[in-house]
Structures are given as C-alpha cells and as structure tokens.
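Notes follow the structure.
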Amino acid sequence: MSEVYRELFPDILVEKFKSIEVVGDIAIIKIPRELEPYRFKIGEEVLKRMPSIKTVLRQLSPTSGPYRVRGFEWLAGEYKTVTTHKEHGCIFKVDLSKVYFSPRLIFERFRIAQLTKPGDVVVNMFAGVGCFSIIIAKLKPILKVYSIDVNPYAYELMVENIKLNRVEDVVEPILGDSRNAVEEKLVGLANRVLMPLPELAYSYLPSAISCLKDRKGWIHYYDFVKTAPGEDPVEKLLKKISGMLNSLTPNWSIGSSRTVRTIASRTYQVVLDIYVG
Ligand SMILES: C[S@@+](CC[C@H](N)C(=O)[O-])C[C@H]1O[C@@H](n2cnc3c(N)ncnc32)[C@H](O)[C@@H]1O
C-alpha cells in the first residue's frame, strides 16, 4: 500500500498511511483527509495492483454500536460488502456492513484453539460470525461450543458458517444476549469461556463464572487498557478485575496474559487467561 501512495503522491509522507486490511476478496483502506478528493483513484490503483481483490472499501468509522460494526464507503470494483474469508483451514462468510469481522485476530484465534483440550465444553459469549468457535471445533476434538451473538445478521452468518465448515455436531449457535443465554441454559456446563468483547467483558464476568462446571475452568477475558507513561497494561488490568474476581470466587489465578494489539497511543487490547478453581 505504501508503494501505491509513494508513487501517486510523492510529496506526502508515506508513514502517515495505515496498512491495507484484506478480508476475502475485499481490501479495506483508510484515506487521510488531505487525499479524500483522490480516494476513487487510490481505490482503482489498489484494484489494479492486487489481482485477488474484487472490491476496495474505505473505512469511514471504527467499530461502534452494540454489534461492533464499522462504517464503509465503496471506492472501486464490485459494489459489495459480502465476501468469504479463509483462516486456519476454515471458511467464513461475512457481510462487513452488518457484522464485526477482523482478520487481525488471526493469531489470537489460533492461540485459543491451541489451548483447548480434548473433551472441552466451551461457551463463546460474543461469537460474531463464529470464528473462534468454528476454528476451535475444526482444530481440536472438543465436545461442544455454545456460540452466542446478539446480532441477528451475525447469528445467520454463523449458522451458515457452521454448515460450510461441517461442525454442526459440535458448534451450537445461540441468538441473544449472552447473559440471558447463560441464565436460561448454560449454567454449570462449561470448562472454558471466551469473552472476546472488551466493551462488555467486565460487566459479564459474573455470567462467565456461572457457566463453569463446579466453578472450575478457564476464562479468556479481553479488555481495553489505557496506560500512563511507564505503566504496564497487564498490571493495570489485573488491578481493575481483582476486586470483581475476588467477590465472585475464592480461588483464581492468571495462567497467562498478552497484549493482543495496540488500539491507539498507549491504549491496548489485552487478554488474560484466568483459571478459576
Ligand atoms: C468483537 S465482536 C466478536 C468477534 C468474534 N469473536 C470474532 O472473532 O470475529 C463482538 C460480538 O459481540 C456481539 N455482542 C454484543 N453484545 C452482545 C451481547 N450482549 N450478547 C451477545 N453478543 C453480543 C456483537 O454483535 C459482536 O458480534
């Protein structure tokens, strides 16, 4: 991408531009304000240089709203937002205008799949189109993944993706708020809970713990952390959740932790692998 910009706009600092994001055959780019008048030309150029790309979209707004969907503007190629993305031998149909999807979580999805054990029963509280759930079911001989999302479009695509990847026996899609779904049918069933929605993870921790069989198992907890200079994001997050965890369970410990990605200056997405029991 930087090559495209350097050639088209030799006078502008290339470092200003963010890299290109590819979802299936759709390329997503961000256009700096001063280049807005040239956005369609940039789109055409991306299309010309990347033979596997059929559509170029411009990201207009970051993920927002309860369904965590981004805003886009069409720039070049086929006028569409639906595509099929391949990851870890799985296929995911997504509609970028209606559901959350990020190829940037590729390593994190693989990492969680590697941590699961044969016979695990998993609850994915914020499943989107089913990526974590389906990758786990494909890569490991687990018993069951209850895969919940409140967005009806994400749920529909998840149902399709479960069939596409032939994991109907293992992944059970559930439409609705995950707190309600847990209360209705998932209390005490799981030994592993995924919480890949930083905006709600903290307030949904009590539900995650109530999913665990005999109050024992793993919770993969994602949150955003804004740090002061010199502050460690993991330490800061631990301070935030310790009180809540202590009030919910007498025994817990951190198995591992990592910074998943940098969101903004000194703001990080962090995951804690919490062992309860
Ligand atoms: C960051 S996305 C998760 C992405 C997914 N894990 C993946 O790897 O693509 C968060 C998802 O949580 C869903 N969501 C938001 N509030 C929810 C709730 N109360 N209960 C269940 N799902 C919810 C959104 O619709 C969205 O699809």
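Among the residues examined, Leu47 does not qualify as assigned to a strand (DSSP E or B), away from the ligand (no atom under 11 Å from the Cβ) and either aliphatic (A, V, I, L, M) or modelled with pLDDT of 95 or more (or both). In the range 152-175, of all residues being assigned to a loop (DSSP other than H, G, I, E, B) and open to solvent by 20 Å² or more (accessible area, probe 1.4 Å), the one that is nearest to Ile219 (Cα to Cα) corresponds to Val170.
What strands (runs of 3 or more DSSP E) completely inside the range 64-111 contain at least 1 residues that are within 12 Å of the ligand (Cβ to nearest atom) and farther than 29 Å from Glu36 by Cβ?
Details: elements: 69-77, 82-87, 90-95.
Counting at least 1 such residues, we get 82-87, 90-95.
When residues of the range 136-151 are filtered for being of a type outside the set (D, E, K, R), more than 6 Å from the ligand (Cβ to nearest atom) and surrounded by fewer than 24 Cβ atoms within 10 Å (Cβ to Cβ), how many remain? Steps first, answer last, please.
In the first step, residues of the range 136-151 are kept if they are of a type outside the set (D, E, K, R); the result is 136-137, 139, 141-143, 145-148, 150-151.
From what is left, the residues that are more than 6 Å from the ligand (Cβ to nearest atom) are 136-137, 139, 141-143, 145-147.
Remaining after also requiring surrounded by fewer than 24 Cβ atoms within 10 Å (Cβ to Cβ): 139, 141-143.
The number of residues fulfilling the criteria is 4.
Considering only the range 94-107, state which residues are surrounded by fewer than 20 Cβ atoms within 10 Å (Cβ to Cβ) and touching a strand residue (DSSP E or B) at 6+ places or on another chain (Cβ under 7 Å). Those that are surrounded by fewer than 20 Cβ atoms within 10 Å (Cβ to Cβ) and touching a strand residue (DSSP E or B) at 6+ places or on another chain (Cβ under 7 Å): Asp95, Ser97, Lys98, Pro103, Arg104, Ile106.
Looking only at strands (runs of 3 or more DSSP E) that lie completely in the range 208-277, which have at least 1 residues being open to solvent by less than 10 Å² (accessible area, probe 1.4 Å)?
Values: elements: 217-226, 252-264, 267-276.
The qualifying strands (runs of 3 or more DSSP E) are 217-226, 267-276.
Taking the range 184-212 as the search range and keeping residues that are of a type in the set (D, E, K, R) and within 21 Å of the chain's Cα centre (by Cα), which one is farthest from the ligand (Cβ to nearest atom)?
My answer is Arg192.
The values are calculated or read from the model by the stated rules, or taken from the named source; none is laboratory data. What you are looking at is a predicted structure, and each value in this text was computed from that prediction instead of being measured. For neighbour counting, all protein chains shown are included, and Cβ atoms are generated from backbone atoms with ideal geometry for every residue, glycine included. In case anyone asks, the SASA skips ligands and DNA or RNA and just uses the protein heavy atoms, side chains included. Shrake-Rupley method; radii C 1.70, N 1.55, O 1.52, S 1.80 Å.
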